[in-house]
Every structure is written in C-alpha cells, then in structure tokens.
1. I'd like the residue in segment 468-526 that is of a type in the set (Val, Ile, Thr) and outside any helix (DSSP H, G or I) and, out of all such residues, is nearest to Leu424 (Cα to Cα).
2. So how many residues does segment 302-324 have that are assigned to a helix (DSSP H, G or I) and either among the basic types (Lys, Arg) or surrounded by 17 or more Cβ atoms within 10 Å (Cβ to Cβ) (or both)?
3. Checking Gln556 against (1) touching a Ser or Thr at 6+ places or on another chain (Cβ under 8 Å); (2) of a type in the set (S, T, N, Q); (3) surrounded by fewer than 16 Cβ atoms within 10 Å (Cβ to Cβ), which single condition isn't satisfied?
4. Quick check, is Pro451 crowded, with 17+ Cβ neighbours inside 10 Å and assigned by TED's automatic domain parsing to the domain that holds Trp534?
5. Need the failing condition index for Asn269 against (1) free of Cβ contacts under 8 Å to residues at least 40 places away in the same chain; (2) crowded, with 20+ Cβ neighbours inside 10 Å; (3) among the polar types (S, T, N, Q), just the number.
6. For segment 395-434, what are the residues that are out of contact with any Ser or Thr (no Cβ under 8 Å at 6 or more places or on another chain) and β-branched (Val, Ile, Thr)?
7. Identify all residues within segment 69-91 that are part of a helix (DSSP H, G or I) and either in contact with a His (Cβ under 9 Å, 6 or more places away or on another chain) or under 19 Å from Leu130 (Cα atoms) (or both); write none if there are none.
8. Return the only residue of Gly99, Gly82 being in contact (Cβ under 8 Å) with a residue 60 or more places away in the chain, over 30 Å from Cys205 (Cβ atoms) and not charged (D, E, K, R).
Amino acid sequence: DCRDGPSMTFSLLKTETDSADSCRENGADSSRDTDTEKRRESVQTGTFWLTRIVLLRSVAFIYLVAFSVAYNQNKQLIGEHGLMPCKSYLNSVKRYVGGKVGMAALAYTPSILWFLDWDDMDANLDGIALVGMALSAFVLVTGMANMVIMVTLWVLYHSLVNVGQLWYSFGWESQLLETGFLAIFLCPVWTLSQVPRRCPPSLTCIWTFRWLIVRIMLGAGLIKIRGDKCWRDLTCMDYHYETQPVPNPLSYYMHRSPWWFHRFETLSNHFIELIVPFFTFLGRRMCMVNGAIQILFQVVLIVSGNLSFLNWLTIVPSLACFDDASLSFMFRSGGGAKKAVLEIQNEDAAGRTPKPTKGMLIRRVVNISLGILIGFLSIPVVMNLISSRQVMNTSFDPLRIVNTYGAFGSITKERTEVIFQGTLNPDPKDPEAVWEEYQFQCKPGDIYRRPCLISPYHYRLDWLMWFAAFQTYEQSEWVIHIAGRLLSNDSTVLSLLDHNPFQGRDPPRWVRGEHFRYKFSPPGSASAAQGKWWLRKRIGAYFPPVDLEGLRGYFQSRNWPHPHIPPNRS
C-alpha cells in the first residue's frame with residue numbers, strides 16, 4: 001500500500017539507527033572491558049613492590065662482595081698477625097676511654113668485637129664475614145628479607161669497618177653503610193616474603209634512596225669543579241685511564257682515545273654529575289631518565305677500570321628512580337612476585353584494601369621518623385656541598401647514616417709505583433747483587449703482565465700501594481712493616497701477593513723499595529709487539545735496603561712484633 005511507504009521507511013530507519021547505537025554502546029563497553037582487562041594484566045605506575053625486591057637483591061649482592069673481601073683479606077690485614085691488628089687498635093681505644101668496655105668505647109668505635117673473645121680474633125673476623133656472606137647470599141637468591149636480616153648485615157659490616165683502620169678508609173665503606181641502613185626500612189620486621197601485603201614499600205624510603213644518588217653525584221661533580229684544574233680545562237681524561245688506582249685491560253685502549261673524545265668524556269661527566277641529578281625532582285619520566293643515565297654512567301666506569309664495588313654500589317640508589325611498571329620486565333609473567341603485585345593492584349583498584357592495623361600505623365610513624373632523621377642529618381652534608389671548602393667521603397655521625405661523597409677531585413698526571421725487591425746477597429751495595437721482584441695481585445709491576453679485571457672485587461693492599469707511591473715511606477710506615485714480613489717469608493703477608501720470588505727458598509737477606517714511573521706502551525709499537533703492556537723508568541729509591549736486624553728498633557718503637565729471624569741468619 002502506497003500509504004504505508006513513508007511509515008515503513010521511517011520504521012526501518014529507526015531500527016537501523018537503534019541498531020547502530022546499540023553496536024556503538026556494545027563496542028564502547030567492549031573497549032572499556034578490554035582496557036580494564038589490560039590494566040588487570042599489566043603492572044601499574046606509582047607502586048614500588050618490585051622496586052623493593054630489586055633494591056634488596058642489589059644491596060645483598062654488594063654485601064656479599066664486601067664480606068667476601070673481608071673473609072679473604074682481613075686476617076692478613078687486621079687479624080692476630082696482620083699488618084695492623086684490630087686487637088691492638090681496640091686496646092688503644094679502650095685505654096683512651098678510661099680502660100673500660102662501656103658506652104664510651106662503643107660510641108667511639110661501634111663494633112660487636114667489643115663483646116667477643118679476643119683470644120682468637122681471627123676466628124671472630126672469619127665468623128663475622130661468613131655470617132654476612134650467608135645472609136647476603138640468602139637475600140640475593142630469594143629476594144626475601146626482613147628488618148632482622150638487614151640490621152644484622154649492617155651491624156656486622158659496621159663492626160668490620162670501624163676496626164679496619166687504614167684498610168677500610170675508602171669512601172665506598174660509608175656509602176655501603178648508608179645504603180644498607182636505608183635498606184633496613186624497605187623490609188617488614190619479621191615476615192620473609194617478597195611481597196608482604198601488609199607492609200607496602202614506603203615512598204619515604206624510596207625518596208631517601210633517590211636523595212642518596214643525588215648527593216653522591218653532586219658531591220662527585222662539585223669536588224671536581226672545585227678541585228683539579230684539568231676538570232675545568234677538560235683534560236683530566238687524558239690521564240685518568242693510565243693513572244687510576246688499578247687499571248683494567250680496557251683502560252689501556254681507552255687511554256689512547258682521540259683528544260676530542262677525552263674532552264667529550266669530561267663534559268659528559270660534568271653534565272651527568274652536576275645537571276642530571278636534578279631530573280629526580282621533575283616528575284616520574286624525568287626521574288627515570290636520571291636513573292637510566294646514572295646506571296649507564298656507572299656501567300661505563302665499571303668496564304673501564306677496577307674501582308672496587310664503588311660503581312656497582314652507586315647503581316643501587318639509582319634503581320629507586322624506577323617504579324613497578326618500569327621494572328616489571330625483569331620479572332616472570334604469570335607467577336611469583338609479579339602476579340602478587342598484580343593481585344594487590346587489582347584489589348586496590350576494586351577498593352578492597354586491607355584495614356589499617358596497629359602495626360601498619362606504627363610503620364607509618366617509623367617511615368615518617370626516617371624521613372625526619374635523614375633530613376636532619378643531611379643539614380651538615382648539604383652545607384658541605386655548598387661550601388667552597390667541600391670535603392669528600394666524610395661522616396658527620398658515628399653510625400655513618402648520612403655522609404659526604406666524592407671521587408677523583410684531583411687527577412695524578414703520571415703513574416708511579418713502589419716495587420718491592422729482595423736479594424740473597426749479604427751485601428746490598430754489591431753491584432753484582434741480584435734483586436728479585438715481588439708481584440702484587442693486581443697493581444702494575446711486571447711490565448709484561450696484562451692489567452687485571454676484578455671489579456667488583458678488590459685488593460685493599462693494592463689500592464693502598466697506589467696512595468703510597470705518591471707519598472714517602474715515612475708517611476706510609478706500614479710499607480716498612482711489609483718489608484720486615486718479606487724478610488722472614490711471612491706466609492700471612494705473602495698470601496696478599498701474587499708472586500714471591502723466594503718461594504721454597506731461604507728468605508731474602510735484604511729487601512728494598514724501588515720507585516718507578518709507569519706508562520702504557522703505545523698500541524702497535526715495538527714494545528707492545530714484544531708483549532709489554534707497560535713501559536717504566538726508575539725514579540730512585542723509595543726506601544733503602546733493610547734487613548731484619550736493622551729493623552728491630554723500628555719495629556719495637558711502633559709495638560710491631562719483630563719478624564722471626566731464621567736460625568742460620570742470627
């Protein structure tokens with residue numbers, strides 16, 4: 001019927017319109033459902049559950065290295081028969097505070113060694129190191145930790161650092177103690193769980209880590225600008241690779257980079273240490289940019305020199321610049337910690353957050369107190385940063401909770417080395433005397449030996465020998481102590497060396513220290529073709545030839561036990 005045409009047409013159009021609207025609504029609902037599902041399956045920004053696991057494992061790794069170094073070297077350095085026995089040091093402190101082991105002694109030198117049996121100090125030192133290695137290995141492998149474990153690690157390492165004297169005088173010791181202190185507050189008190197639901201990571205604690213990396217980098221950058229002129233005229237990197245404490249094989253090649261590359265390196269260093277740290281305060285993305293740049297910078301330093309675990313340790317607070325969303329790629333999907341974090345985030349999104357408990361409220365108070373403490377202890381540190389008389393690697397409190405940092409404020413322009421030599425000749429002035437060289441574990445000596453690659457491990461004696469080389473033996477008396485031990489083939493000290501030329505033979509009658517200037521051999525040169533990594537030239541005597549009898553008075557005046565004189569030499 002023609003009269004029905006317009007009505008039917010309108011009806012059909014209405015039906016199609018309703019159908020299209022319905023499809024759009026269904027599509028929108030489907031899109032919303034898809035977005036919701038994606039959110040449920042992907043870790044969201046703004047939480048730090050996974051960040052905490054990465055931080056704790058990283059701190060545990062550094063502790064493991066540090067305690068391993070302690071276990072392998074402490075007996076020789078500060079043990080019963082070490083070069084600087086910690087028992088003698090503790091006795092000196094005890095006399096200084098009035099002859100009693102009380103709060104005064106503990107405040108002056110915080111260490112659990114005060115409460116242990118001193119009759120076997122080597123066993124004490126080994127015990128501390130072994131417990132530290134075991135606990136740090138547990139946290140590293142499992143990613144689980146609580147306050148009890150982290151406090152124990154911190155107290156144990158404190159106990160070693162505070163009696164380590166010269167051997168533990170490096171800036172990274174305080175940096176590890178500060179980092180380890182902050183890590184305590186990442187953990188629940190008792191629970192051993194990677195993702196403890198009722199103990200979320202404290203944003204305050206995360207920011208204390210970020211504040212640490214800011215201070216580390218600014219301290220390092222400012223001490224350079226205020227220090228050696230070569231940092232300002234951009235020439236420091238012309239020398240650094242060759243003259244750093246313990247070069248590695250890549251240092252050899254980096255030293256020969258073009259001049260313009262060394263200028264670029266120095267400018268980049270200033271930008272990374274003086275400008276990039278402020279990215280931390282410019283929002284999530286810029287904070288992550290800071291973290292990524294700092295980590296990359298530390299990796300470059302790691303591969304170009306043996307700087308102990310310093311650069312590895314500096315990576316740790318940089319990790320706090322990343323949240324769960326940015327670190328989720330490091331975790332297996334569909335299980336473990338990542339699954340637990342997704343469940344927590346979905347519960348929070350649905351409003352199913354756990355009701356506050358008394359313990360959670362106490363934890364909030366603790367976190368706020370941590371922020372106040374770090375802020376208060378940072379006052380002298382910040383004042384030091386802005387001071388024209390800035391000092392680096394200094395602690396303003398006995399527990400080393402907040403410290404100043406810095407590295408390479410001055411660059412040595414030439415490398416000098418102290419080489420120990422011994423002879424069996426009874427007359428050290430005899431021109432026919434054959435002087436044989438001792439070799440250290442890693443520091444340059446034999447010009448044919450390839451530079452070592454040991455980071456994050458390090459040899460404390462080798463590092464101190466670098467400092468001794470641009471001082472005098474009067475300023476580094478322990479050098480003469482080593483010479484006396486070599487004269488008796490002392491196994492304790494010799495275990496710190498790589499090569500003893502008198503192994504299996506009579507000990508030397510005389511030992512001397514020779515001073516040499518070292519340079520990298522040019523790649524492609526005749527000397528390099530002969531297998532020489534180094535070229536060296538004698539500067540002169542570092543200390544004159546010494547024998548056991550001649551050292552008797554020197555040792556007695558310093559309360560050092562006189563080395564055993566072989567019967568056939570008495």
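1. Val511
2. Total meeting the criteria: 12.
3. It is condition (1) that Gln556 fails.
4. Answer is yes for this residue.
5. Going through (1) free of Cβ contacts under 8 Å to residues at least 40 places away in the same chain; (2) crowded, with 20+ Cβ neighbours inside 10 Å; (3) among the polar types (S, T, N, Q) one by one, Asn269 breaks only (1).
6. Listed by number, the residues that qualify are Ile401, Thr416, Val418, Ile419, Thr423.
7. Just the residues of segment 69-91 that are part of a helix (DSSP H, G or I), to begin with: 69-78, 86-91.
Matches in segment 69-91: Val69, Ala70, Tyr71, Asn72, Gln73, Asn74, Lys75, Gln76, Leu77, Ile78, Cys86.
8. Working: Gly99 fails: in contact (Cβ under 8 Å) with a residue 60 or more places away in the chain.
Of Gly99, Gly82, the one residue that is in contact (Cβ under 8 Å) with a residue 60 or more places away in the chain, over 30 Å from Cys205 (Cβ atoms) and not charged (D, E, K, R) is Gly82.
The values are calculated or read from the model by the stated rules, or taken from the named source; none is laboratory data. Because the structure is predicted, anything quoted here is derived from the model rather than measured. Ideal geometry is used to build each Cβ from the backbone, glycine not excepted, and the neighbour counts take in all protein chains shown.
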